[in-house]
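*Asks:* Mind having a look at this structure? Questions to follow.
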Amino acid sequence: MQSQPSLRLLLLLLLLAAVFLLLLQPAPAAGSPAPAPADDSDFRRASCNVTLYPDVCYATLARYAPSVGRDPARLAHAAIAVSLVKAQRAAEYVSNLSREADYGADRRAAAALHDCLENFGDAADEMRGSLKQMRQLGAAGSGEQSFRFQMSNVQTWMSAALTDEDTCTDGFQDVADGPVKAGVSRRAGAVKKVTSNALALVNSYVNQHAGP
């Protein structure tokens, strides 16, 4: 039977060997950053490069990265959701201005605001329809024809939403320059950017699904 001191010596030698192997591992260079954990930022950046406003796309979709992953369908869905939130906030802004304008002397501005509010309302409805359609993808069947039909609806509605937003700003062409016109143009411009991006991501998803 092996003596107790010999057993302790063996354990000590094994411990020293483990420490020696650990010391042989290369140490990171001084000042070099620790390896970044793998994420999906490259996917989001590459996807956003197909849009007209890639920096806006990348920034506005950053918060959705954990749920989107590398799924182009979820990315397009998130982009539409961003557009809807922006459109709703713009509609609230225009609604407040419209109530004030009703008591003002500028009838053209008041009329343009009312029309713009209706345009944003239509755009928001079309975005809601797009989100609902994307949630139902595959529900009516898993074939290519069903997919094309459903995504064609999304493309049509998002394109119509973008047209409605353009119509809003077009209605202010005959309105005198001022804070009302500038404020609406700024808000509408921001909504148009994210809507354009969403439509581009929807189109990209359709093209990827079709394959080569």
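*Asks:* Please go through segment 46-85 and pick out each residue that is of a type in the set (D, E, K, R) and in contact with a Cys (Cβ under 9 Å, 6 or more places away or on another chain).
*Replies:* The one that is of a type in the set (D, E, K, R) and in contact with a Cys (Cβ under 9 Å, 6 or more places away or on another chain): 55.
*Asks:* I need a count of the residues in segment 68-96 that are among the β-branched types (Val, Ile, Thr) and not in a helix (DSSP H, G or I).
*Replies:* Result for segment 68-96: 0.
Quick note: the coordinates plus some simple rules give every number you see, no bench work behind them. Just so it is clear, the structure is predicted and the values come from calculations on it, not from any experiment. Neighbour counts run over all protein chains shown; Cβ positions are idealised from the backbone, glycine included.
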